[in-house]
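Comments concern the structure below.
The values are calculated or read from the model by the stated rules, or taken from the named source; none is laboratory data. It should be emphasised that the depicted structure is a prediction, and the values quoted were computed from it without experimental measurement. So basically every Cβ, Gly included, is an ideal-geometry build from the backbone, and we count neighbours across all protein chains shown. The accessibility values were calculated without ligands, DNA or RNA, using every heavy atom of the protein model including side chains. Shrake-Rupley method; radii C 1.70, N 1.55, O 1.52, S 1.80 Å.
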Amino acid sequence: MSSITKEIKAKTVDVIQKTSNATSRSGHATQRVAYLCEMDVDREVTALQMTKTSPNGFKYTESDVESYEKLYQDSKSGTVLSAQQTLALATDQKKVNEESNNDLEDDDWEILGEEIYIQT
C-alpha cells in the first residue's frame, strides 16, 4: 500500500472515530498504545504524544502507557472487569455513600497513624 493510500486510510479512520462513542475511542486508543509498545516506541514518547493531543489537557506518563498496554493484553484473553462485577461494586458503593454521614466534624474522628480514621 502506498504512503498516500495509508495516509488517506488513517485520516478516514480518524474522521469515522470522531463520531464514535467514548467506549469505542478508548478501546482504539488502548490498542494503538499496545501497538506502539510492540513496535518498541519509547513509552515516554507515547505518553508525550498523548499528553500533547489530550482534548482535556491531561498529562500522561510512562506508567499510564504501561497500564493501557497491560489492559489491552488482558482484554485479548478476557475482561478484567465484567458488567456484573461493575454493577455489584457500584451498587455496594452507592449503599455506603447513602449510609455514610458526611456531616461529621473533625472532632468526631480519632486519627490512627496518618491514613487510618475510626469514628469515635
**Item:** Among (1) at pLDDT 95 or above; (2) surrounded by 12 or more Cβ atoms within 10 Å (Cβ to Cβ); (3) of a type outside the set (Lys, Arg) - the single one SER26 does not satisfy
**Value:** (1)
**Message:** Residue pairs, Cβ under 7 Å, 6 or more apart or interchain, first in segment 35-56 and under 20 Å from ALA22 (Cβ atoms), second basic (Lys, Arg). List them.
**Reply:** THR51/LYS59
**Asked** If THR53 satisfies every condition in (1) closer than 28 Å to VAL15 by Cα; (2) among the hydroxyl-bearing types (Ser, Thr, Tyr); (3) surrounded by 10 or more Cβ atoms within 10 Å (Cβ to Cβ) but one, which is the exception?
**Response** (3)
**Count of residues meeting criterion [open to solvent by less than 90 Å² (accessible area, probe 1.4 Å) and modelled with pLDDT of 90 or more] in segment 77-91** = 2
